[in-house]
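Notes follow once the structure below has been shown.
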């Protein structure tokens, strides 16, 4: 302390990165960026926010390049200079991944149902009366009829079934999936046709397609699993044979790149009395999380399967009922979260993301928090 030396200058670069990557809160990494110009540049050069995002969302390892859609992009200081172009790319990555890391922190406060449409079921007993579309409705009775999806009957209870859904955008952060098994009150004993367990996969189409024309209609009666690439596979969750909406919380929030979710229903527990076959029936499904659109979007690079991550700072990740607009290209957080964070901390975040770290000042009398 007496010599006032910068400890980053005394450490090997790899050791300094290892120490700073012990910070798992994006706000702490922002504070590191605002200590001084040299610390700000070190965070950018080392891609610390990118590394933090990869730790939060391993699915981002498939991102080949980050692009920014903005009319206010800063021009490089020396046009044509490879060093200036490289620095501009580092700054862009820093800004985009900083915003993405910050969005991840508010998933628990902005969750909503992210299903856009039902794509297909591996089998359907009576189409369209018992189609997968019925699982989009929370009501048990629609037009005086029970609302549910039913598989075809099987003599082997180990035969699985799958349900595939399109999410509201190609980039969604998913925290949990809820499934309500169907109880057939019109059958003797009111049996519940649940599965033994469930597993979830998320991914993207193998090639560009119009989901409504290519997969809807007759395709709803058969599996479309071969048309998708799955980039996330969950653990297996046990399902109870109970007439209620059952919550399956993912161990960590998952970034679904491509906007496709598949539910695997594994094992059958209920035999139908009239034909002696095993069925799985679901009355309702919802997928909880939130969309990163329109601030973030992806483009699939064929045939590599890599992605371009696109960021639009003028867009807001939240609808008008959440917040009126975005400020300085940083996605707005819900009011209840924003109130928990020190105002000065937000000012530092905005300054850092503009690329102008503050002058070092005497903080001796500042509140330590």
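The values are calculated or read from the model by the stated rules, or taken from the named source; none is laboratory data. Keep in mind the model is a prediction, meaning the values are calculated, not measured. All Cβ positions, even for glycine, are placed from backbone atoms using ideal geometry, and neighbour counts span all protein chains on display.
Some points to look at:
- Under the condition of being under 17 Å from the mean Cα position of the chain (by Cα) and more than 21 Å from residue 147 (Cβ to Cβ), the residues counted in the stretch 272-303 number 12.
- Filter result for residue 364 (surrounded by fewer than 21 Cβ atoms within 10 Å (Cβ to Cβ), modelled with pLDDT under 75 and either out of contact with any helix residue (DSSP H, G or I) (no Cβ under 8 Å at 6 or more places or on another chain) or assigned to a strand (DSSP E or B) (or both)): yes
- Residue list for the stretch 54-63, filter: under 12 Å from the mean Cα position of the chain (by Cα) and not in a loop (DSSP other than H, G, I, E, B): 56, 58, 59, 60
Yes/no per residue for (1) farther than 30 Å from residue 90 by Cα; (2) out of contact with any helix residue (DSSP H, G or I) (no Cβ under 7 Å at 6 or more places or on another chain); (3) surrounded by fewer than 16 Cβ atoms within 10 Å (Cβ to Cβ); (4) modelled with pLDDT of 80 or more:
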{"site": "291", "(1), (2), (3), (4)": "no, yes, no, yes"}
{"site": "297", "(1), (2), (3), (4)": "no, yes, no, yes"}
{"site": "332", "(1), (2), (3), (4)": "no, yes, no, no"}
{"site": "337", "(1), (2), (3), (4)": "no, no, yes, no"}
{"site": "344", "(1), (2), (3), (4)": "no, yes, yes, no"}
{"site": "357", "(1), (2), (3), (4)": "no, no, no, no"}
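- Taken together, the residues in the stretch 64-114 that are at pLDDT 85 or above and not in a helix (DSSP H, G or I) amount to 7.
- Residues satisfying the stated conditions in the stretch 128-153, i.e. in a loop (DSSP other than H, G, I, E, B), touching a helix residue (DSSP H, G or I) at 6+ places or on another chain (Cβ under 8 Å) and buried (at least 18 other Cβ atoms within 10 Å of the Cβ): 131, 147, 148
One line per residue, one yes/no per condition, for (1) in a strand (DSSP E or B); (2) at pLDDT below 95; (3) under 23 Å from the mean Cα position of the chain (by Cα):
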| residue | (1), (2), (3) |
| --- | --- |
| 159 | no, no, no |
| 177 | yes, no, yes |
| 204 | yes, yes, yes |
| 219 | no, yes, no |
| 230 | yes, yes, yes |
| 241 | no, no, no |
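- Here residue 22 passes the criteria (1) buried (at least 16 other Cβ atoms within 10 Å of the Cβ); (2) not in a helix (DSSP H, G or I) except the one numbered (1).
- Scope the stretch 1-53; condition touching a strand residue (DSSP E or B) at 6+ places or on another chain (Cβ under 9 Å) and at pLDDT below 85; matching residues: none
- Flag if residue 124 is touching a residue at least 40 places away in the same chain (Cβ under 8 Å), touching a helix residue (DSSP H, G or I) at 6+ places or on another chain (Cβ under 9 Å) and part of a loop (DSSP other than H, G, I, E, B): yes
- Among (1) buried (at least 17 other Cβ atoms within 10 Å of the Cβ); (2) closer than 19 Å to residue 160 by Cα, the one test that residue 241 misses: (1)
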